[in-house]
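A.B. asks: I have a structure I would like to understand better, so I am pasting it below and will then ask my questions one at a time.
The values are calculated or read from the model by the stated rules, or taken from the named source; none is laboratory data. Worth saying up front: this structure is predicted, and the values here are computed from it rather than measured. Virtual Cβ from ideal backbone geometry, glycine too; neighbours counted across all protein chains shown. Ligands, DNA and RNA are stripped out before the accessible areas are found, and what is left, the full protein with its side chains, is counted by its heavy atoms. Shrake-Rupley method; radii C 1.70, N 1.55, O 1.52, S 1.80 Å.
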Amino acid sequence: MTTYRIASIGGDGVGPEVVAGARAVLDAVAARDGFAIDWLDVVAGGAAIDAYGSALRTDDLDAVATCDAVLLGAVGGPRWDDPDAMVRPEQALFALRGGLELFANLRPVTILPALVPSSPVRPEVLEGVDLLIVRELTSGLYFGRPSEQRDTPEGRVGIDTLWYTEGEIRRVVRLAFELARGRRGRLTSVDKANVLATSRLWRKVVEEVRPEYPGVEVNHQLVDSCAMLLVRRPSSFDVLVTENLFGDILSDEAAVLAGSLGMLPSASVGDRRTEHGRFGLYEPIHGSAPDIAGRDLANPAGTILSAAMLLRWSLGLDAAAVSVEAAVAAAIDDGYRTADLVPSDGDRTGLTVVGTRAMTVAIIERLGVSVAAAT
Ligand code: IPM
Ligand code: MG
């Protein structure tokens, strides 16, 4: 029997609850399909600051690197938000992303028809939305140095550095081209080339890579107009590729289309392969939601769908991934809703409003659902 080793990082706030849900789903899939998972529990984020004084210990990062994949909940919370603090929970994310060279963050946005009433966007605008944001994750303003505050004769100065090497741009752009080729063949590269030198380099690199993928149609879009088009005509997008900060902002914006941040998964991958697939880190796109933490209120679907991406990308188990996605869709179709998914008009007719655990159970019960029946 194959045994996969997966690092499990609950983190802070609702993180441990949604990770528990996704683990239960993966364990159920393992039992159904006859493989085993060896879970490695790792403490990171605010929880690790409290326990060890650092957001992620070096030994833990090394141990995570030996696994096939990482499942993560969320990190951060008001307790650790002091702007002058030297250690911050988010440092765990940057250590994982940078330390494991996970340079591409993939954020697919699809809309389950049953959730259209939960979105603030008009139904006709949502029709046909199926897009994938590929966000560069290990460079740009998040990692550029210097990044600091200084006292100067003009008063305090804050500095961040926007820096990209052509190699950093090329590897993420190539992956985006590859993904576009496997989808509808349309790639939108998002930048701010009318202002930023890094964006002008980004555009050049996209044009240099383009001939390698003749079947992919490319267009360049400025980030401000892209932000507008994402709510105006979201169905016109297939794959978007962009630098770190633009991708952070646009992916939250795109998430609104799906009705709730709680539904959306993400995968962070690099070039490293294990014997089973591409090493990667999988997490929902929502944060630690400290206001609802520990109350069985969080939507586990984003993390469970991230676990589906883990099955597909890191373990090479595509059919299992599809079955998890189908089970989530079936639970939603059957009316199960966590609080975040109650329609904006408050109408609960035909819906069963449940907590994190009951939603997880509803999904696990539907894991036998055949793909054909669920779509
Ligand atoms: C994300 C989050 C993080 C980011 C925060 C928590 C540092 O917003 O994963 O999108 O900005 O990358
Ligand atoms: Mg973000």
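A.B. asks: Being more than 16 Å from F94 (Cβ to Cβ) and open to solvent by 10 Å² or more (accessible area, probe 1.4 Å) is the filter; apply it to the stretch 278-287 and report the residue that is nearest to ligand 1 (Cβ to nearest atom).
C.D. replies: By that ranking, first place goes to I285.
A.B. asks: For the stretch 148-166, state whether one or more residues are within 16 Å of ligand 1 (Cβ to nearest atom) and at pLDDT 95 or above.
C.D. replies: Yes; the residues of the stretch 148-166 include at least one that is within 16 Å of ligand 1 (Cβ to nearest atom) and at pLDDT 95 or above.
A.B. asks: For the structure I just gave you, tell me whether S266 is within 16 Å of ligand 1 (Cβ to nearest atom), among the polar types (S, T, N, Q), over 21 Å from V206 (Cβ atoms) and modelled with pLDDT of 95 or more.
C.D. replies: It is true that S266 is within 16 Å of ligand 1 (Cβ to nearest atom), among the polar types (S, T, N, Q), over 21 Å from V206 (Cβ atoms) and modelled with pLDDT of 95 or more.
A.B. asks: Answer yes if at least one residue in the stretch 229-251 is hydroxyl-bearing (S, T, Y), buried (at least 17 other Cβ atoms within 10 Å of the Cβ) and assigned to a strand (DSSP E or B), and no otherwise.
C.D. replies: Checked the stretch 229-251: at least one residue is hydroxyl-bearing (S, T, Y), buried (at least 17 other Cβ atoms within 10 Å of the Cβ) and assigned to a strand (DSSP E or B).
A.B. asks: Does L250 count as under 12 Å from V134 (Cα atoms) and more than 16 Å from ligand 1 (Cβ to nearest atom)?
C.D. replies: No: the conditions fail for L250.
A.B. asks: Go through the stretch 314-326 and report how many residues are without any contact (Cβ under 8 Å) to a residue 60 or more places away in the chain and either not in a loop (DSSP other than H, G, I, E, B) or not assigned by TED's automatic domain parsing to the domain that holds G11 (or both).
C.D. replies: The number of residues fulfilling the criteria is 6.
A.B. asks: Which one of E124, E136, E148, E154 is out of contact with any His (no Cβ under 7 Å at 6 or more places or on another chain), among the acidic types (D, E) and either closer than 15 Å to F246 by Cβ or surrounded by 11 or more Cβ atoms within 10 Å (Cβ to Cβ) (or both)?
C.D. replies: After ruling out the rest, the residue left standing is E136.
A.B. asks: Test A95 against the criterion of being within 20 Å of the chain's Cα centre (by Cα), within 16 Å of ligand 1 (Cβ to nearest atom), open to solvent by less than 40 Å² (accessible area, probe 1.4 Å) and within 21 Å of A289 (Cα to Cα), and give yes or no.
C.D. replies: So A95 fails the test.
A.B. asks: Also: Only one of L141, L112 is touching a helix residue (DSSP H, G or I) at 6+ places or on another chain (Cβ under 6 Å), within 16 Å of ligand 2 (Cβ to nearest atom) and either open to solvent by 30 Å² or more (accessible area, probe 1.4 Å) or in contact (Cβ under 8 Å) with a residue 40 or more places away in the chain (or both); which?
C.D. replies: L141
A.B. asks: Restricting the first residue to the stretch 338-349 and requiring it to be in contact (Cβ under 8 Å) with a residue 40 or more places away in the chain, which pairs with a second residue that is open to solvent by 90 Å² or more (accessible area, probe 1.4 Å) meet a Cβ separation below 9 Å and a spacing of at least six or different chains?
C.D. replies: What qualifies is V342/R348; S344/P120.
A.B. asks: I've got another one for you. Just one of G262, G294, G247 is of a type outside the set (D, E, K, R) and within 24 Å of S139 (Cβ to Cβ); which is it?
C.D. replies: G247
A.B. asks: A follow-up question, please. Could you check the stretch 72-87 and list, in sequence order, the residues that are within 12 Å of ligand 1 (Cβ to nearest atom), modelled with pLDDT of 95 or more and open to solvent by 60 Å² or more (accessible area, probe 1.4 Å)?
C.D. replies: Hits for the stretch 72-87: nothing passes.
A.B. asks: Kindly provide the set of residues from the stretch 246-294 that are away from ligand 2 (no atom under 11 Å from the Cβ) and of a type in the set (V, I, T), ordered by number.
C.D. replies: V256, V269, T274, I292
A.B. asks: I37 passes all but one of (1) closer than 22 Å to A293 by Cβ; (2) more than 16 Å from ligand 2 (Cβ to nearest atom); (3) part of a strand (DSSP E or B); which number fails?
C.D. replies: Among (1) closer than 22 Å to A293 by Cβ; (2) more than 16 Å from ligand 2 (Cβ to nearest atom); (3) part of a strand (DSSP E or B), the lone unmet condition for I37 is (1).
A.B. asks: Also: Does V218 count as open to solvent by 10 Å² or more (accessible area, probe 1.4 Å), touching a Phe, Trp or Tyr at 6+ places or on another chain (Cβ under 9 Å) and away from ligand 2 (no atom under 15 Å from the Cβ)?
C.D. replies: yes
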